[in-house]
Amino acid sequence: MKSSKLLFTLHALIQKVKKNWGNFLGAFIVQSILILILSVEMILSMFPKLLFAFFIILCFIGLCYIIDIPLEKYTTRRRDIVLFATTIADNVDKLIEPFSKVGIAWGTCITLQKSPNLQEGWSFKEVEIEFERTIYPFEKKLEEKYNQFMNNNSGEFKDDGDKLMLTINPKAFDEAKTLTLKGQLTKYSRIIFFIEEVINDVAERNKYINSLFLTKDDIEFPHSLCIHAVITTKDKKVLFVKRSPKVIYYPNKWAVSCEESAQSTDLDNKNPILFWAKRLLKEELGVDENDYSEENLRLLSVFLESEILNITLCMILKLNISSFLLDNILKSHKKLDDEFIEWKFLTYEEAAALLLKPTINFHPTTQYRIYMSLLHLWGFDKLKTYIIKLKKKVTIKIAD
């Protein structure tokens, strides 16, 4: 073997040095060279094994890195889903929380029927109205209490106009593009009586909500069918308005954007929903038909305002004019009423931030309207991503 021969040769050389030179220093030098050579030879003999071990370690580290990329994406996605679901749940009122799996909910509002395709919504041509022009009656006991209420408050309802109410919980399925709204007439006084004398008892209010979601298709309480409209502009801004201190419901609250009750005279028109929406735009904003396309007036959902048991249509009305032009129209418009006294324009992103960090005093349906309109404008995935991104800390300031 090479190492044995090398050892023998060097040993003979050492002996020769000792014999001829008697110089132990020389022998020490030769011995040191021998040890060095043997050490190098040993290291070289083990190098393939060390190289293989090093290769295995590198492969293991690389495999861990490769596996970690999809694993990290998977765990991040799961965390995001949980975070989003928790955020939504945290923003649902406890009263309607048991029903939040039935319909989209935010705050005290819950959906009775949404458009099968929220990013399209229903056009006015896809909504049919079937109303009986008779007053919806209370059951006998409530009718007696209502009559007594009117005797005690007769002076307060001199202008007791007709209102429209739904009598059937609306339904629409993916294969059906048409939404049918069925109802009757009621009176403003009946609605006020029901709010002040019946559902002021929380247990009684809960009974009607349970009936609406769990047992019956019939809607058995008077209400004023309304449009709660989100107004957007050509430059992708959303109109926020501050309600007047003079209005009966929610004075000095900020809303996005306008509300309008249905009137019995709307039924005289070929398309009541379209006529109704146009009246809102004209009377509230001073906007005429040149400023929008009828196809951009979209119904997104029918929902319940659980605090007062009112059924409402959530619509988005997209204008073809900029926020700058609309601002000037509002400044010059002589409104037929004074339902709002201030207004602001926010970007879609700023509106989304107000879902999590409301910095102004909101009308109870405002955040529901924001949520539904952004589902329409952005789609679920983009809105979910943006809400997760904002979950940490967001503050949008608006003068209150």
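The values are calculated or read from the model by the stated rules, or taken from the named source; none is laboratory data. Everything quoted here is computed from the prediction, not taken from an experiment. Positions of Cβ are generated from backbone atoms using ideal geometry, with glycine treated the same way; all protein chains shown enter the neighbour counts.
Within region 104-135, the set of residues being under 22 Å from Ser264 (Cβ atoms) and β-branched (Val, Ile, Thr) comprises Val127, Ile129, Thr134, Ile135.
Only residues that are under 15 Å from Asp327 (Cα atoms), touching a Cys at 6+ places or on another chain (Cβ under 6 Å) and among the aliphatic types (A, V, I, L, M) were counted in region 279-302, giving 0. Reported count of residues in region 240-285, each being more than 23 Å from Leu330 (Cβ to Cβ), more than 30 Å from the chain's Cα centre (by Cα) and in contact (Cβ under 8 Å) with a residue 60 or more places away in the chain, is 5. Looking at this structure, is Asn206 touching a residue at least 60 places away in the same chain (Cβ under 8 Å), farther than 25 Å from Arg298 by Cα, assigned by TED's automatic domain parsing to the domain that holds Leu317 and under 28 Å from the mean Cα position of the chain (by Cα)? Here the answer is yes, as Asn206 does meet what is asked.
Anything in region 286-304 that is under 29 Å from the mean Cα position of the chain (by Cα) and surrounded by fewer than 17 Cβ atoms within 10 Å (Cβ to Cβ)? List them, or say none. Answer for region 286-304, where residues must be under 29 Å from the mean Cα position of the chain (by Cα) and surrounded by fewer than 17 Cβ atoms within 10 Å (Cβ to Cβ): Ser293, Glu294, Glu295, Asn296. Cys314 falls short on exactly one of the conditions (1) more than 25 Å from Ile195 (Cβ to Cβ); (2) surrounded by 17 or more Cβ atoms within 10 Å (Cβ to Cβ), and that condition is (1). Every condition in (1) closer than 26 Å to Ile96 by Cβ; (2) within 22 Å of the chain's Cα centre (by Cα); (3) surrounded by 20 or more Cβ atoms within 10 Å (Cβ to Cβ) holds for Leu225 except the one numbered (2). When Asp235 is tested against (1) under 27 Å from Lys187 (Cα atoms); (2) more than 20 Å from the chain's Cα centre (by Cα), exactly one condition is not met: (1). Count of region 277-319 residues, restricted to those that are assigned to a strand (DSSP E or B) and among the charged types (D, E, K, R), is 5. Return the pairs, sorted by first residue and then second, in which the second residue is at pLDDT 90 or above and not in a helix (DSSP H, G or I), the first residue lies in region 378-391 and is farther than 14 Å from Glu350 by Cβ, the beta carbons are less than 6 Å apart, and the residues are 6+ apart or on different chains. Pairs that qualify, where the first residue is farther than 14 Å from Glu350 by Cβ and the partner is at pLDDT 90 or above and not in a helix (DSSP H, G or I), are Gly379/Gln119. Confirm whether Lys242 is in contact with an Asp or Glu (Cβ under 9 Å, 6 or more places away or on another chain) and modelled with pLDDT under 90. No: the conditions fail for Lys242. Going by the conditions given, is Lys171 in contact (Cβ under 8 Å) with a residue 24 or more places away in the chain, buried (at least 21 other Cβ atoms within 10 Å of the Cβ) and charged (D, E, K, R)? Considered against the rule, which asks whether it is in contact (Cβ under 8 Å) with a residue 24 or more places away in the chain, buried (at least 21 other Cβ atoms within 10 Å of the Cβ) and charged (D, E, K, R), Lys171 comes out as no. So for region 275-294 (the condition being among the hydroxyl-bearing types (Ser, Thr, Tyr) and within 23 Å of Asn169 (Cα to Cα)), does at least one residue qualify? For region 275-294, residues among the hydroxyl-bearing types (Ser, Thr, Tyr) and within 23 Å of Asn169 (Cα to Cα): absent. Going residue by residue through region 189-203, is there one that turns out to be in contact (Cβ under 8 Å) with a residue 60 or more places away in the chain and among the aromatic types (Phe, Trp, Tyr)? Checked against the condition, which is being in contact (Cβ under 8 Å) with a residue 60 or more places away in the chain and among the aromatic types (Phe, Trp, Tyr), region 189-203 yields at least one hit.
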